[in-house]
Amino acid sequence: MREKTSNLIFDSIKNFILVFLLIITLYPFVNLMAISLNDAQDTAKGGITIFPRVFSLASYTTLFKLPELLTGFINSVLRTVIGAVTQVFSCSMIAYVLSRKSFPLRRPLSLLWIFTMYVSGGLIPYYFLMRSLGLLNNFNIYWIPGITSAFAIIVIRTYISGLPESLIEAAKVEGAGEFRIFMQIVLPLAIPVLATMALFAAVDHWNAWVDTWLFNPKKKELTTLQYELMKKLASSNSSKSGKLGAEARRGSGSGGTTPKSIRAAMTMIAAVPIMLVYPFLQRYFVTGLTLGGVKE
Amino acid sequence: MGKNRKTTLLSELGRNKTLLLMISPFVIHLIIFCYVPIWGWVMAFQDYNPIAGITGSPWVGLKHFKALFAEPLFIKVIRNTLAISTIKLVLGTTTSLFLAILLNETRHKYFKSVTQTITSLPHFISWVVTANLVREMLSTDGGMVNDFLMFIHIIDKPVLWLGVQKYFWWIMGWSSVWKEVGWGAIIYLAAMTGIDDQLYEAAKIDGASRIQRIIHVTIPGIKSTFLILLIMNIGYLLSAGYEQMFLLKSGLTQDVAQVFELFAIEWGLNKLRYSFATASGIFASVVSITLITVTNKLSHKLGETALF
Amino acid sequence: MRKQLIAMLALTLVSALAFASNNSENKGTEKTTLSIFIGESMPDYPSAGTIVGDRVSELANVDFEFEFLVGELQTRTGIMLASGDFPDLINARGEQDRFLDAGALIPLNDLIEEHAPNLKKMLGDKYFEALKEEDGNIYIIPDLIPYGETNYTDADKGWWIQKAVLKEAGWPEVRTFKQYWDLIEAYKLKHPEIGGDETIGFEPLTYDWYRDYLYTAAPLLAGMYSDNPIINKINGKWRVSPLDGTDIEYKYFKFMNEQYNKGLIDPEGFVSDKDQYIAKLASGRVLGIFDEYWIMNEAQEILKDENPDRIFVALPLTWDGGPDQYHYAKALATGLGTSITTSCKDPVAAIKFLDVLATDEIQKLATWGVPGVDYTVDAKGKFSKNADQVKAMDENGDWFYPVWGGKYFYEFLPSMDGTFDDGNATRFGMQPSVFKAGLRDSQKEVLEAYNKETFYEFFTPASNERAMYSPLWSISAVTGSDEDLVSTKIYDLRTKYCALTITAEPGKFQSVWDEWMSQLTDEDLKIQTNFYQEAINKRLAGYGVDNE
């Protein structure tokens, strides 16, 4: 009985906090949705909160009219899938090796990776490296440099280290090699953390545009979605300062777009795929729990 | 002695051939993509000029490091940076952890999934847009925060939050909590799935309340992930978030908003002073590595999980 | 699990390789293709071509490949410089001088003389000489080249006041700064609320670089030109002196501080961004602003549509009501513009391309459109546009960039600015007939009340005396040089202390001002003034004027 009341109190406080968080994190999103669906000139007057005031799809139609959008979308999907899969697979393999206590180089190699999080040679040497590797104007630049990520390695390593050692020992006794243990025992058990890292990597890939801009700007067939969107945003920003633009706008009414409305629509385009993928990935978090019983 | 150790290492490697084979391609990749470009560091000791290149630029020794430390703003910049990133680190870590625990305690599948997804959404909103929203929320002209505080009579007239220096660091801290709380919770949630359900059952049988279970099962279960992330983030103390400061500062808050990255970009890259920018970068790297080494040692000493 | 993973990995590699092998070049057209980098952002050049572009391509017998700016200009140009990978033609805006220093640009004198008669005519002998660098060569052709007389119609900038304030006061002749603030104060007192919200006396715009206008308004009030640093003619020579810390600045900030403490200046203006600024203006609650026409115009357009009585009118105010120098001198912005690089394999084709752009035909096509379709020509040869034709020039529309494409060739590549030989304005917005046709009733009311034809007439006509050394904004120290660092230091102090002096509490103004002055060193100011003095001397020498 006491247990029940205390549970009730606990749950109501907990749910109150969660609903509060839900509202304040949902608000910016709803607000941007409203702005993206509102007439741009009307938005400039401010005061848009939850609902659009003068409904308009202009921000989206302008974006969807971008000529290279489809190519960009395909490349973005490809780089996201390829990038996330290769990164998670490689990093989990590295993490496994670095988690093995018998492996003598685990500490120096871990350090070598950890340092990369805090050390960078700068853009120009990096550009030269990409050039000498023939990665300029090349799709492979989207995923090859990102194959290993120190952050993912460390997080996965921590998770693997938390797995019961007895499982691995048992497999060893049965004569399984390291690679088999990794593939058949460690990988399935690490699915929750792998799903998380895949999500992180996918988001980075999906939102990346600087590499397209600096390394692949000349090949239209290598463009990415975010780069196309960034170009549109940049041009909607600066044409306001052009004299010819200002004159053209004189006397012309609404119906256009502004950086603010474009940015709102862009945010929607960037976030919607994640909204669709993330709940799906959450299933794997639960999978981990049910495996719990098998662990010992 | 030395020879002995060498042979032991070799023989140990020999015993772990498969492991060595599994990792070597990635070590090569690591060296090529992360360590080869480090040659750029020599720029810090030159007056680097992109046309002349590394070979043609004059050597100037420690000139750029001296310039960095002699900069009158330097102390102020470091103070602001450490203050803002410490606030962000503490607020960010605790709120994300707190949210993850609450979500972990939620059994209602859809409520959990919806909350988890929606709280992570602000992560996808760029700082440009977030800064705009923060301004609107804090506005003295019908901003929600002022309206609410006036409604509950905490203040009697609107406060110009963004114009007051003493609030600035906290606004930076809370606005990044707003943006990152849900995203930060994901990794703790993943770590929590690694906790054995039997431990909860056992605690329940022992008569532990839910709060006790959180304290005695959940928190120890993710302690290693928590510590590892903490150590890694302490390494980033010199990065207080360039975009956010740049977008939210104003003439009124310039004194408290100037942070290291902003300083290095404004006086380095934006001025095309590659050498100065590289020197700042090296300084930041050295600080980062010192910080993680020290905290890592500390963690070791306390008998806790360590990063390396 | 394993099988799936391996299959996935294999698929990944196959698709990656497929993409890698897809990268073979395919070239082979007779026309030369020119690559052009422009350090401004515009939509991608349409692959199907544009009305203006196709005609240019036909006349110049070249194809072009534009690259416009997406991220930071310094990052993009830094990579170009380091890698030595230049486009054929480059307009790197503020970073152009670095390409010149790098020896990446080729001299154009002979090319212009031999292959570019139209360009030569557009520049005229005067500018042809003025463009020569110290070695006697021309490397950079500026974007907008003043040509013929200019009909001004609108204010460039000024102290804008709400029409309703003027109307209620019976259309007074407002000349002094004090008068302006008295009007605002009286109106705000009488109407503490507009549309249910508090009336805002004056809204400052202090976001990012927009703040420069308000913070450097002091010389204008003193009847001087808006240069920072100050430039005055002393004994027949133009002499540079610092603006920071002068008495005219002290007077200005002290006065602004008083208005602030009277509650006439909106404190939030010191922390808000441009979107919020425009939103407040558009609400009709703001009585006064100081701004450039092209920034505030976004709000003005909304007001014209929805709140015609609360549109803004620009005034040229001074302390004593004497003549003003608000209007910019029509000047050639040397140092910025387009160049041909050493990577260009066919410089003759490149200069011919620029020459085609300089023809009247292309200039008119790129600013007015197709004759008979986008504008009408009357019997006297005067161009005009009706309301629909003006509306079609909306840059967000389906026609402006994707079909017509005039903007790709005008303004960021060498173009005429002023009046064509046949007397038509180079930009339709400056054509008197187009301006008149576009006036709204609310604007006509103001013009009639003051008995003026255009809003420009409120101002003292621009004196071209300063044209030779102007404009100062196109003089910038080489990025990263000592002069540049000093300028940035002085600028950072301005950003901070202009806000702090204006918003100082009553009685605190003096101490804030003193704090500012204590951080300004004479040494730094000297470096800055010397730099500008040398730069304008150099410019003036280009026109054959000795200013040493």
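With the radius of gyration and the Kirkwood radius both derived from the Cα set of segment A:67-238, what is their ratio Rg to Rh?
Details: Rg = 19.1 Å, Rh = 17.9 Å.
Looking at segment A:67-238, the ratio lands at 1.07.
For C:TRP209 and C:THR176, compute 0.36 nm times the residue count separating them, minus their Cα-Cα distance, and round to one decimal in nm.
On the way: separation 33, 0.36 × 33 = 11.88 nm, distance 2.69 nm.
Extra length available between C:TRP209 and C:THR176 comes to 9.2 nm.
Residue by residue through segment B:34-51, which ³J(HN,Hα) values in whole Hz follow from phi under the Karplus form 6.51 cos²θ - 1.76 cosθ + 1.60 (θ = phi - 60°), with glycine and proline marked x?
10, 9, 4, x, 5, 4, x, 4, 4, 4, 5, 9, 10, 9, 5, 10, x, 6
Any idea what the dipole of segment B:66-301 comes to, in debye rounded to 20, about its Cα centre with Lys/Arg Cβ at +1 and Asp/Glu Cβ at -1? Mind showing how you got there, number by number?
On the way: 20 positive and 15 negative charges, 89 e Å.
Value, rounded to 20: 420 debye.
Quick one: divide the alpha-carbon radius of gyration of chain A by 2.2 N^0.38 Å and tell me what you get.
Values: Rg = 24.6 Å, N = 296, 2.2 N^0.38 = 19.1 Å.
Dividing the Cα radius of gyration by 2.2 N^0.38 Å gives 1.29.
Can you give the Rg and Dmax of chain B based on its C-alpha atoms, in angstrom?
For chain B, the Cα-based Rg and Dmax read 24.5, 78 Å.
Test of understanding: ordering B:HIS64, B:HIS216 by Cβ neighbours within 10 Å, fewest first, what list do you get? Spell out each step's value before the answer.
Details: B:HIS64 26, B:HIS216 15.
Placing the least packed residue first, the sequence is B:HIS216, B:HIS64.
Rounded to the nearest 10 degrees, what's the angle between the helix C:441-450 long axis and the longest principal axis of chain C, both from Cα atoms, 0 to 90?
50 degrees
Counting alpha carbon pairs within less than 8 Å and at least 6 residues apart, what relative contact order, in whole percent, applies to chain A? List each step's numbers first, then the result.
Working: 293 pairs, mean separation 91.5, N = 296.
Worked out over chain A, it gives 31 percent.
Gaussian network model of chain A, Cα springs within a sub-10 Å range: biggest mean-square fluctuation belongs to which of A:ALA264, A:ALA171, A:ALA150?
Maximum fluctuation in the GNM of chain A, among the listed residues, is at A:ALA171.
May I ask you to list the chymotrypsin sites (Phe, Trp or Tyr not before Pro) in segment C:30-101 that are in a DSSP loop and have at most 16 other Cβ atoms within 10 Å of their Cβ?
On the way: sites: C:PHE37, C:PHE64, C:PHE66, C:PHE68, C:PHE99; in loops: none.
When the chymotrypsin sites (Phe, Trp or Tyr not before Pro) of segment C:30-101 are filtered for loop state and at most 16 Cβ neighbours within 10 Å, nothing remains.
Measure out, as a whole number of angstrom, how far apart the alpha-carbon centroids of segment C:478-535 and segment A:83-105 sit.
Taking the Cα centre of segment A:83-105 as reference, the centre of segment C:478-535 is 54 Å away.
Just want the answer: with Cβ charges of +1 for Lys and Arg and -1 for Asp and Glu, which residue in A:ILE124, A:LEU163, A:ILE181 is farthest toward the dipole's positive end in segment A:67-238?
It is A:ILE124.
Apply the Karplus curve 6.51 cos²θ - 1.76 cosθ + 1.60, θ = phi - 60°, to the phi angles in segment A:59-67 and return the couplings in whole Hz, x for Gly and Pro.
Each residue's phi maps through the Karplus curve to give 4, 6, 5, 4, 5, 6, 7, 4, x Hz.
On a 0 to 90 degree scale, rounded to 10, what angle separates helix C:293-306 from the longest Cα axis of chain C?
70 degrees
Using Cα centres only, tell me the gap between segment A:177-223 and segment C:277-317 in whole Å.
Distance between centres, Cα-based: 50 Å.
Where both partners of a DSSP beta bridge lie in the protein assembly as shown, what percent of those bridges are antiparallel, to the nearest 5?
60 percent
So if we plug the beta-carbon distance of B:TRP174 and B:ASP147 into 1/(1 + (r/R0)^6) with R0 = 25 Å, what FRET efficiency do we get, rounded to 0.05? Before the final figure, lay out each step's value.
Numbers: r = 17 Å, r/R0 = 0.70.
Efficiency computed from Cβ-Cβ geometry: 0.90.
Could you list the residues of segment C:194-235 with an amide nitrogen less than 16 Å from a label point located 7 Å from the Cα of C:TYR543 in the Cα-to-C-beta direction?
Answer for this model: C:225-227, C:231-234.
State, to one decimal in nm, how far the label point of C:GLU534 lies from the label point of B:ILE31, with both points 7 Å from Cα in the Cβ direction.
4.9 nm
Would you work out the relative contact order for chain C, in percent, from Cα pairs under 8 angstrom that are 6 or more residues apart? Don't skip to the end; give the middle numbers.
Details: 847 pairs, mean separation 130.5, N = 548.
Relative contact order of chain C: 24 percent.
On average over all directions, what projected area in square nanometres does chain C have, based on the convex hull of its Cα atoms? Working shown, then result.
Details: hull surface 130.5 nm².
Hull-based average projected area comes out at 32.6 nm².
Normalised by the residues of chain B, what does the relative contact order come to in percent, with Cα pairs under 8 Å and at least six apart?
Values: 312 pairs, mean separation 78.1, N = 308.
Here the relative contact order equals 25 percent.
Keeping to pairs on different chains or 8 or more places apart, tell me how many lysine pairs in segment A:67-238 have Cα atoms under 16 Å apart.
Details: A:LYS101/A:LYS172; A:LYS218/A:LYS231; A:LYS219/A:LYS231; A:LYS220/A:LYS231; A:LYS220/A:LYS232.
Value for segment A:67-238: 5.
In segment B:66-301, what is the count of Lys pairs whose alpha carbons are under 22 Å apart, counting only pairs at least 8 residues apart or on separate chains?
Taking the Cα cut-off of 22 Å, the pair count is 20.
Compute the separation of the alpha-carbon centres of segment B:24-74 and segment B:110-189 and state it in Å as a whole number.
39 Å
Simple spin-label model, 7 Å along Cα-to-Cβ: B:ILE78 to B:ILE155 in nm?
A separation of 3.4 nm, rounded to one decimal place.
Hey, can you grab everything whose amide H is under 5 Å from the amide H of C:LYS157? Only 5+ residues off in sequence or another chain; H modelled, so Pro and N-termini drop out.
Residues meeting the criterion, in which the H sits 1.01 Å from N, are C:TYR293.
Counting DSSP beta bridges with both partners in chain C, what percentage is antiparallel, nearest 5? Provide the component values of the computation, followed by the final result.
Numbers: 24 of 43 bridges.
Counting DSSP beta bridges with both partners in chain C, the antiparallel share is about 55 percent.
Treating the beta-carbon of each Lys and Arg as +1 and of each Asp and Glu as -1, no other charges, what is the dipole magnitude of chain A about its Cα centre, to the nearest 20 debye?
Numbers: 28 positive and 15 negative charges, 143 e Å.
That gives a dipole near 680 debye.
Tell me the Rg and the Dmax, in Å, that the Cα atoms of the protein assembly as shown produce.
32.1, 104
Quick one: pull the percentage of alpha-carbon pairs in segment B:1-143 with a separation above 23 Å.
Everything past 23 Å amounts to 74 percent.
Which one of C:PRO142, C:HIS115, C:ALA155 has its Cα pushed farthest toward the positive end of the charge dipole of segment C:112-161, where Lys and Arg give +1 and Asp and Glu give -1 at the Cβ?
Sorting the options by dipole projection puts first C:ALA155.
Viscosity 0.890 mPa s, temperature 25 °C: what is the translational diffusion coefficient of segment C:280-351 from Stokes-Einstein with a Kirkwood Rh over Cα pairs, rounded to a whole number of µm²/s? Write down the numbers at each step before the final one.
Numbers: Rh = 16.6 Å.
Here the translational diffusion coefficient equals 148 µm²/s.
Testing the spin-label approximation: label points 7 Å from Cα along Cα→Cβ at C:LYS132 and C:GLU113. State their distance in nm.
1.0 nm
Would you mind checking which residues have amide H under 5 Å from C:ILE230's amide H? H placed 1.01 Å from N; only 5 or more apart, or other chain.
Here the answer is C:SER241, C:LEU243, since their amide H atoms fall under 5 Å of that of C:ILE230.
Compute the label zone of C:ASN451 within segment C:166-196: residues whose backbone N is under 13 Å from the point 7 Å along Cα-to-Cβ.
C:173
Mind checking the angle between helix C:247-261 and chain C's longest principal axis? C-alpha axes, 0 to 90 degrees, to the nearest 10.
Between helix and principal axis, roughly 70 degrees.
When the Karplus curve 6.51 cos²θ - 1.76 cosθ + 1.60 is applied with θ = phi - 60°, which whole-Hz ³J(HN,Hα) does each residue of segment B:126-136 get, with x for Gly and Pro?
Working through the residues one at a time gives 5, 5, 4, 6, 4, 4, 4, 5, 4, 4, 5 Hz.
Go through A:ILE141, A:PRO279, A:ILE191 and say which Cα lies farthest out towards the positive end of the charge dipole of chain A; charges sit on Cβ, +1 for Lys and Arg, -1 for Asp and Glu.
So the residue we want is A:ILE141.
Could you give the size of the charge dipole of segment C:256-360 about its Cα centre, using +1 on the Cβ of each K and R and -1 on the Cβ of each D and E, expressed in debye and rounded to the nearest 20?
Numbers: 9 positive and 17 negative charges, 50 e Å.
The dipole of segment C:256-360 has a size of about 240 debye.
Kindly state, to the nearest 0.05, the FRET efficiency for C:ALA379 paired with C:LEU59, given R0 = 41 Å and r defined as their beta-carbon distance. Intermediate values should be presented prior to the final figure.
Numbers: r = 28 Å, r/R0 = 0.69.
That pair, C:ALA379 with C:LEU59, gives E of 0.90.
Restricting to DSSP loop positions (anything but H, G, I, E, B) with no more than 15 other Cβ atoms inside 10 Å of their own Cβ, which trypsin sites (Lys or Arg not before Pro) remain in segment B:101-186?
Details: sites: B:ARG107, B:LYS109, B:LYS112, B:ARG135, B:LYS166, B:LYS179; in loops: B:ARG107.
Listed in order of number, the matching sites are B:ARG107.
Values quoted throughout were computed directly from the atomic coordinates according to the rules given, and no laboratory measurement underlies them. Quick caveat, the model's predicted, so the values are computed rather than measured. So basically every Cβ, Gly included, is an ideal-geometry build from the backbone, and we count neighbours across all protein chains shown.
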